[in-house]
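Trainee: Dumping the structure here so I can ask a few things about it.
The values are calculated or read from the model by the stated rules, or taken from the named source; none is laboratory data. Remember, it's a predicted structure, so these values are computed and weren't measured experimentally. Every residue, glycine among them, receives a Cβ derived from its backbone with ideal geometry; neighbour counts consider all protein chains shown. The protein model used for the area step is the full one, side chains on, heavy atoms only, and it has no ligands, DNA or RNA in it. Shrake-Rupley method; radii C 1.70, N 1.55, O 1.52, S 1.80 Å.
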Amino acid sequence: MKPINLLSCNGLRGFCAERPWCTRLLAVVRSLALPDDVHGFGHVVRVACMAYNIAVAEYGDGVDLNLVVAAALLHDVGRAAERPGLHHAVASAEAAKAILPGVGAPVDPEAVARIILEHSFSLGGRPGSPE
């Protein structure tokens, strides 16, 4: 396998440019992101770029890139709602189910919510699929 630059966003840019739902989702996520560099919009884009690049390099056609990108972009959208008793991944998963139909994403919102929860290290999640 050829080494990849995990932070390169060229693949993700091309992916979203060809999918209006992705561009709409980016705008929604930008509007909901925290105003900081730790878990704000920049972080979300970096995670989405890495997730996209890893998925393409490791799985190629064996992965649903729509799911990967949607989950990566939405993984921290619930940070603003986090409070004692409500983990941000749970809030993000719930938000994903509400947001995705509105942007026209060709994904099952429940699947995206599951991916977000399974990838939460602090919740002890374990990924159940390549996505």
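Trainee: Determine the relative contact order of region 24-75: mean sequence separation of Cα pairs under 8 Å and six or more apart, normalised by residue count, in whole percent.
Mentor: Taking the mean separation of contacting Cα pairs over the length of region 24-75, I get 40 percent.
Trainee: Could you go through region 37-51 in sequence order and give the Karplus-derived ³J(HN,Hα) for each residue, using 6.51 cos²θ - 1.76 cosθ + 1.60 with θ = phi - 60°, rounded to whole Hz, and x for Gly and Pro?
Mentor: 8, 6, 10, x, 4, x, 4, 4, 5, 4, 4, 5, 4, 5, 4
Trainee: While we're here: Between Ser8 and Val38, what is the spin-label point distance in nm, taking each point 7 Å from the Cα along the Cα→C-beta axis?
Mentor: Label-label distance for Ser8 and Val38, simple model: 3.2 nm.
Trainee: Below 8 Å, C-alpha to C-alpha, sequence gap of six or more: please give me the relative contact order for the chain in percent.
Mentor: On the way: 174 pairs, mean separation 29.6, N = 131.
This gives 23 percent for the chain.
Trainee: Per residue of the chain, what 222 nm ellipticity follows from adding -39500 (n - 2.57) for every DSSP H run with n ≥ 4, rounded to the nearest 500?
Mentor: After summing the helix terms and dividing by the residues of the chain, the value is -18500 deg cm²/dmol.
Trainee: What residues from region 29-62 fall in the zone where the backbone N is under 13 Å from a label point 7 Å along the Cα-to-C-beta line of Ala98?
Mentor: 32
Trainee: Additional query: log10 I(q)/I(0), Debye, Cα-only region 1-51, no solvent, q = 0.13 Å⁻¹?
Mentor: -0.34
Trainee: Continuing with this model, one more query. From the alpha carbon gyration tensor of the chain, can you work out the equivalent ellipsoid semi-axes (sqrt of 5 times each eigenvalue) and give them in Å, largest to smallest?
Mentor: Working from the Cα gyration tensor, I get semi-axes of 21, 16, 15 Å.
Trainee: Could I ask something else about it? If you roll a 1.4 Å probe over the heavy atoms of the protein chains, what accessible area per residue do you get for the chain, in Å²?
Mentor: Computed with neighbouring chains in place, this is 54 Å² per residue.
Trainee: Stick to the Cα atoms of region 33-96, pair each with every other, and give me the Kirkwood hydrodynamic radius in Å at one decimal.
Mentor: It is 12.3 Å.
Trainee: Just order 81-92, 108-119 by mean Cβ neighbour count inside 10 Å, highest at the front, would you?
Mentor: Ranking the peptides 81-92, 108-119 by packing returns 108-119, 81-92.
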